[in-house]
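Worksheet for the structure shown next.
A short reminder: the numbers here are calculations on the coordinates, not readings from a lab. Only a predicted model underlies this, so the values are computations on that prediction, with no experimental measurement involved. Note that each Cβ is placed from the backbone with ideal geometry, even for glycine, and that neighbours are counted across all protein chains shown.
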Amino acid sequence: KRYSRITGTGSYLPPRRLSNHDMVALLAARGIETSDEWIVERTGIRARHYADDGVNASDLALAACQQALQAAGRQVGDIDLIIVATSTPDMVFPSTAAILQHKLTEAALAQGQPGAAGGAAFDVQAVCSGFIYALTVADAMIRAGAAQRALVVGAEVFSRLLDFNDRTTCVLFGDGAGAVVLEAVEHDGQGPGVLASDIHADGRHSGILCVPGTVSGGQVLGDPLLKMDGQAVFKLAVGLLEDAARAALAKAGKQDADIDWLIPHQANIRIMQSTARKLKLPMDKVVVTVHEHGNTSAASIPLALDHAVRQGQVRPGQLLMLEGVGGGFTWGAVLLRF
Ligand code: ACO
């Protein structure tokens with residue numbers, strides 16, 4: 001039987017870190033009030049990172065992928081599939097994945113290594129659920145024999161979409177990238193690997209979290225900044241995350257108590273606490289990075305995973321529940337043995 005498993009993780013945060021105190025000053029310059037206490041109490045966020053002008057999603061992805069390849073003991077030339085989950089692509093087209101493939105090749109050639117072998121590269125757009133979608137697609141392609149070794153990436157520069165006149169949303173998000181190497185393995189199903197996944201969308205809720213603008217006729221039409229009905233998102237998110245996690249557990253024949261680590265999308269500590277409660281998991285089984293990263297959309301889960309691996313929290317053989325929810329509305333979960 002053919003499965004896929006994660007053989008390496010990597011991540012990258014742009015160096016410019018903005019604490020809540022920096023946000024207070026940034027908004028004060030616009031005559032808008034906020035406070036460290038408000039942000040921490042409502043969201044758990046203490047800091048976020050912003051990419052400098054001219055640094056794009058593919059640049060953040062490049063650094064994360066190089067780290068993941070190194071952790072997996074692989075080179076760019078070994079990869080035959082690149083999937084980038086992003087809602088903040090470098091360009092309208094080509095895909096960030098194609099741009100990333102080229103940057104990976106250039107960097108490999110500069111080190112005397114072979115470049116990308118010309119495998120498939122494409123983007124997945126499912127906002128904050130993007131990495132769950134991308135991992136599900138890569139796993140399915142590997143199981144089907146359509147790919148052997150994939151880079152699955154979440155990369156975002158959400159700072160570019162923020163309305164700094166809207167204090168309820170602009171304090172929440174940050175930039176970053178995370179990546180995994182996902183490889184085909186043949187085993188009896190007891191060993192490591194992706195066990196089950198469950199992804200969904202319901203477009204009826206597209207209006208509660210969106211960037212409604214678009215590019216047309218050489219101009220931006222509509223509003224190019226993020227809009228969110230925070231309370232509506234909160235209410236929907238908690239129930240959907242529980243449903244997705246339970247569906248993935250059922251498919252794999254596992255129980256709540258089997259989960260070693262819950263690695264949720266890092267939007268808000270209160271959503272994570274509510275989800276953990278519903279799955280009867282103590283918070284010390286939940287990987288939390290939102291306090292230092294903010295919400296990095298599709299990058300948040302692989303960033304949190306890599307952080308937990310490098311901290312020695314997540315160890316080989318453990319059962320991980322990855323889950324996300326985001327604009328669309330989209331949601332989903334992936335259960336895997338690491
Ligand atoms: N600083 C100070 N005060 C603020 C701020 C701020 N940054 N933002 C809002 N307020 C004020 C509001 O103006 C309002 O004041 P008022 O009562 O005088 O009118 C008050 O705080 C309460 O505002 P609400 O919008 O009702 O605040 P709420 O308690 O709902 O918290 C929040 C807002 C944190 C966004 C919450 O709704 C939430 O966590 N929602 C989940 C959404 C989320 O996390 N989205 C992330 C993206 S989606 C995803 O990734 C799945």
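Which one, Ile132, Ile142, Ile208, has the greatest fluctuation when you compute a Gaussian network model over the chain with C-alpha springs under 10 angstrom?
Looking only at Ile132, Ile142, Ile208, the biggest GNM fluctuation is shown by Ile208.
What percent do you get for the relative contact order of region 193-337 when only Cα pairs under 8 Å and 6+ apart count? If you can, show how the numbers build up before the last one.
Numbers: 257 pairs, mean separation 53.3, N = 145.
Once normalised by length, the contact order is 37 percent.
In percent, how large is the relative contact order of region 2-186, given Cα pairs closer than 8 Å and 6 or more residues apart?
On the way: 409 pairs, mean separation 64.6, N = 185.
After rounding, I find 35 percent.
Based on DSSP H runs of at least 4 residues, each adding -39500 (n - 2.57), what is the mean residue ellipticity at 222 nm of the chain after dividing by all its residues, to the nearest 500 deg cm²/dmol? Numbers along the way, then the final one.
Numbers: 10 runs with 114 residues, N = 338.
Calculated from helices alone, the mean residue ellipticity at 222 nm is -10500 deg cm²/dmol.
Can you sort Met23, Met228, Met283 by how many other beta carbons sit within 10 Å, fewest first?
On the way: Met23 23, Met228 19, Met283 12.
Least crowded to most crowded, the residues run Met283, Met228, Met23.
What does the extension gain come out to for Arg2 and Leu221, with contour length at 0.36 nm per residue minus their alpha carbon separation? Please report the intermediate quantities before stating the final value.
Details: separation 219, 0.36 × 219 = 78.84 nm, distance 4.64 nm.
The span from Arg2 to Leu221 would gain 74.2 nm if fully extended.
Report, to one decimal in Å, the Kirkwood hydrodynamic radius for region 1-64 based on all distinct Cα pairs. It would help to have the intermediate numbers written out before the result.
Working: mean 1/r = 0.0687 Å⁻¹.
About 14.5 Å for region 1-64.
Which residue, chosen from Gly174, Ala57, Ser297, occupies the Cα position most advanced towards the positive end of the dipole of the chain, where the dipole is computed from +1 (Lys, Arg) and -1 (Asp, Glu) charges on Cβ about the Cα centre?
Ser297
Normalised by the empirical 2.2 N^0.38 Å for globular proteins, what value does the Cα Rg of the chain take? Write out the running numbers ahead of the final one.
Numbers: Rg = 18.9 Å, N = 338, 2.2 N^0.38 = 20.1 Å.
Cα-based Rg divided by the globular estimate yields 0.94.
Just order 265-275, 231-241, 288-298 by mean Cβ neighbour count inside 10 Å, highest at the front, would you?
Numbers: 265-275: 22.5, 231-241: 17.8, 288-298: 26.3.
Put in order of decreasing packing, that is 288-298, 265-275, 231-241.
Note the full-extension length gain between Arg315 and Asp260 as 0.36 nm times their separation in residues minus their Cα-Cα distance, in nm to one decimal.
Numbers: separation 55, 0.36 × 55 = 19.80 nm, distance 0.96 nm.
Result for the pair: 18.8 nm of gain on full extension.
Listing Thr136, Thr86 from the residue with the fewest other Cβ atoms within 10 Å to the one with the most, what is the order? Show your work: numbers first, answer last.
On the way: Thr136 23, Thr86 33.
Result, fewest neighbours first: Thr136, Thr86.
Considering only lysines 8 or more places apart in sequence, or on different chains, count the pairs in the chain whose C-alpha atoms sit under 19 Å apart.
Lysine pairs meeting the criterion: 9.
Under the Kirkwood approximation applied to all pairs of distinct alpha-carbon atoms, what is the hydrodynamic radius of region 193-337 in Å?
Values: mean 1/r = 0.0627 Å⁻¹.
When all Cα pairs of region 193-337 are included, the Kirkwood radius is 15.9 Å.
For the chain, give the share of DSSP beta bridges that are antiparallel, in percent and rounded to the nearest 5; count only bridges with both residues there.
On the way: 43 of 59 bridges.
Antiparallel: roughly 75 percent of the beta bridges in the chain.
Explain nothing, just the number: dipole magnitude of region 193-337 about its Cα centre with +1 on each Lys and Arg Cβ and -1 on each Asp and Glu Cβ, in debye rounded to the nearest 20. Walk me through the numbers before you get to the answer.
Details: 14 positive and 13 negative charges, 52 e Å.
The dipole of region 193-337 has a size of about 240 debye.
Over the C-alpha atoms of region 2-186, what are the Rg and the largest Cα-to-Cα span, Dmax, in Å?
Looking at region 2-186, its Cα Rg and Dmax stand at 18.0, 60 Å.
For region 152-178, list residues with backbone N below 19 Å from a point placed 7 Å from the Cα of Arg30 toward its Cβ?
157-175
Highest mean first, how do 63-76, 319-332, 193-206 rank when packing is the count of other Cβ atoms within 10 Å averaged over residues?
Working: 63-76: 20.7, 319-332: 26.2, 193-206: 17.7.
My ranking of the peptides, most packed first, is 319-332, 63-76, 193-206.
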